[in-house]
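Encoded as structure tokens, here's the structure I'll be asking about.
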Amino acid sequence: MIKKVGIVGFGQMGAGIAQVAAGAGFTVVANEVSEELLDKGIGGIEKRLNKAIEKGKMDEATKDKTLGNITTTTEFEPLADCDLVIEAVTEDMLAKKEVFTELDKVCGPSTIFATNTSSLPVGDLSVVTKRREKFIGLHFFNPVPIMKLVEVVRTIDTDDETYEAAKTFAEAVGKVAVTAKDTPGFIVNVLLVPYLLDAIRQLENGLASRDDIDNGMKLGCGHPMGPLALTDFIGLDTILYIGDIFFEEFKDSRYASPPLLRRMVNAGYLGKKSGRGFYDYSK
């Protein structure tokens, strides 16, 4: 049974996972490379909890209990006795492999390893460990405290016990778990990314204006956000990166990034996080 959870990577995703796990009563140990990043992660959690209190969705006692369930560290050793360790570092194969190589040295043989990758093959990450049967994907969605979905990704080695434990954990933190096989993009991104790339392609081809494309999908299909605005929210560099991974894997033209997307990324127009993408956020 999972009771103690380690989180490696305490950025937006890692801190969000830590928050929902701690809020569900799990003991959480969060790891980052510096105290500064750990403090930033805790600060983000506290800010979100305070906002929930302001909206009447939480009381001070629940906030204190949630924060009290989280400890932080810059070392891997405090994760040694965790029942589950979730990696949420940058979306880079080498960086993730380095994390799991070190974790495999310090964690007990019963510890389940999970990756929050959104695009990389989970099985390729597991090969640097001696616990491939206890390795799984747990792909949370951003922002974690709000988004209800978790993709549970089984590799060809993941055993039934690990799968059931991971799925039970995802449900225990209030998420709906869907199961996918270990193929790049899993369920959501393998369907979403071609849609976003097509919207950029049609803008580039002059089918319609930015606003008309976004309004068409919002009002015609009931989407809460148009595809170009959604690309800005996710990050143009992220969509380009994932699209390139998918194209390399599938050799399917649907995943080929439009020249416009590559030019915008090269120019530093990354979307909301850079202040400009398809829309201007500088104001």
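The values are calculated or read from the model by the stated rules, or taken from the named source; none is laboratory data. Just so we're clear, the structure is a prediction, and the values are computed from it rather than from any experiment. Cβ: placed from backbone, ideal geometry, glycine included. Neighbour counts: every protein chain shown.
Of PHE233, PHE247, which residue is free of Cβ contacts under 8 Å to residues at least 60 places away in the same chain, touching a helix residue (DSSP H, G or I) at 6+ places or on another chain (Cβ under 6 Å) and either closer than 26 Å to SER126 by Cα or assigned by TED's automatic domain parsing to the domain that holds ILE136 (or both)?
Values: PHE233 fails: either closer than 26 Å to SER126 by Cα or assigned by TED's automatic domain parsing to the domain that holds ILE136 (or both).
Only one candidate passes the filter, namely PHE247.
With ASP198, ASP214, ASP157 as the choices, which residue is over 20 Å from GLY6 (Cα atoms), in the same structural domain as GLN19 (by TED's automatic domain parsing) and either surrounded by 15 or more Cβ atoms within 10 Å (Cβ to Cβ) or in contact (Cβ under 8 Å) with a residue 12 or more places away in the chain (or both)? Give the steps one after another, and end with the answer.
Working: ASP198 fails: in the same structural domain as GLN19 (by TED's automatic domain parsing); ASP214 fails: in the same structural domain as GLN19 (by TED's automatic domain parsing).
The match here is ASP157.
Six or more apart or on different chains, Cβ under 6 Å: which pairs go from a residue in the range 164-181 that's at negative phi to one that's aromatic (Phe, Trp, Tyr) and outside any strand (DSSP E or B)? Could you list them?
ALA180/PHE186
Just checking: which of the helices (runs of 4 or more DSSP H) contained wholly in the range 141-238 hold 1 or more residues that are closer than 30 Å to TYR281 by Cβ? Give the derivation first.
Numbers: elements: 160-172, 188-205, 210-221, 227-234.
Correct list: 188-205, 210-221, 227-234.
Does ALA88 count as modelled with pLDDT of 95 or more and closer than 26 Å to THR162 by Cα? Walk me through it before giving the result.
Values: modelled with pLDDT of 95 or more: yes; closer than 26 Å to THR162 by Cα: yes.
Taking the combined requirement at face value, the residue satisfies it.
Another question, if that's okay. Is at least one residue of the range 62-77 surrounded by 22 or more Cβ atoms within 10 Å (Cβ to Cβ) and of a type in the set (S, T, N, Q)?
First, the residues of the range 62-77 that are surrounded by 22 or more Cβ atoms within 10 Å (Cβ to Cβ): 66, 70.
From what's left, of a type in the set (S, T, N, Q): 66.
Yes, that holds for at least one residue.
Can I ask one more? Can you tell which of VAL29, VAL85 is assigned by TED's automatic domain parsing to the domain that holds ILE112, without any contact (Cβ under 8 Å) to a residue 60 or more places away in the chain, closer than 22 Å to ASN142 by Cα and surrounded by 19 or more Cβ atoms within 10 Å (Cβ to Cβ)? Reasoning before the result, please.
Details: VAL85 fails: without any contact (Cβ under 8 Å) to a residue 60 or more places away in the chain.
Going through VAL29, VAL85 in turn, the sole match is VAL29.
A further question follows. Taking PHE26 as meeting all but one of (1) aromatic (Phe, Trp, Tyr); (2) in contact with a strand residue (DSSP E or B) (Cβ under 6 Å, 6 or more places away or on another chain); (3) more than 18 Å from ALA172 (Cα to Cα), write down the number of the exception.
(3)
Restricting to the range 250-282, name every residue that is touching a residue at least 40 places away in the same chain (Cβ under 8 Å) and surrounded by 21 or more Cβ atoms within 10 Å (Cβ to Cβ). Break it down stepwise before answering.
If we filter the range 250-282 for residues that are touching a residue at least 40 places away in the same chain (Cβ under 8 Å), which is where we start, we get 250, 254-261, 271-272, 277-279, 281.
Answer for the range 250-282, where residues must be touching a residue at least 40 places away in the same chain (Cβ under 8 Å) and surrounded by 21 or more Cβ atoms within 10 Å (Cβ to Cβ): TYR255, SER257, LEU261, GLY271, GLY277, PHE278.
Against the definition (in a helix (DSSP H, G or I), among the aliphatic types (A, V, I, L, M), in contact (Cβ under 8 Å) with a residue 12 or more places away in the chain and on the phi < 0 side of the Ramachandran plot), how does LEU67 come out, yes or no? Write out each step before concluding.
Values: in a helix (DSSP H, G or I): yes; among the aliphatic types (A, V, I, L, M): yes; in contact (Cβ under 8 Å) with a residue 12 or more places away in the chain: yes; on the phi < 0 side of the Ramachandran plot: yes.
Against the criterion (in a helix (DSSP H, G or I), among the aliphatic types (A, V, I, L, M), in contact (Cβ under 8 Å) with a residue 12 or more places away in the chain and on the phi < 0 side of the Ramachandran plot), LEU67 qualifies.
Could you figure out which of (1) touching a strand residue (DSSP E or B) at 6+ places or on another chain (Cβ under 9 Å); (2) on the phi < 0 side of the Ramachandran plot isn't true of ARG263?
Condition (1) is where ARG263 drops out.
Right, LEU103: at pLDDT below 95 and either crowded, with 18+ Cβ neighbours inside 10 Å or assigned by TED's automatic domain parsing to the domain that holds LEU84 (or both) or not? Spell out how you get there, then give the answer.
Details: at pLDDT below 95: no; either crowded, with 18+ Cβ neighbours inside 10 Å or assigned by TED's automatic domain parsing to the domain that holds LEU84 (or both): yes.
No; evaluated as a whole, the condition is false for this residue.
So, LYS57, is that one surrounded by fewer than 15 Cβ atoms within 10 Å (Cβ to Cβ), part of a loop (DSSP other than H, G, I, E, B) and in the same structural domain as TYR163 (by TED's automatic domain parsing) or not? Before you say what the answer is, go through the steps one by one.
Working: surrounded by fewer than 15 Cβ atoms within 10 Å (Cβ to Cβ): yes; part of a loop (DSSP other than H, G, I, E, B): yes; in the same structural domain as TYR163 (by TED's automatic domain parsing): yes.
Yes.
Given the residues GLY9, GLY41, which is the only one that is of a type outside the set (A, V, I, L, M), without any contact (Cβ under 8 Å) to a residue 40 or more places away in the chain and within 18 Å of PHE140 (Cα to Cα)? Give the steps one after another, and end with the answer.
Values: GLY9 fails: without any contact (Cβ under 8 Å) to a residue 40 or more places away in the chain.
Result of the check over GLY9, GLY41: GLY41.
Check the range 92-108 and report whether any residue there is touching a residue at least 60 places away in the same chain (Cβ under 8 Å), on the phi < 0 side of the Ramachandran plot and outside any loop (DSSP other than H, G, I, E, B).
yes
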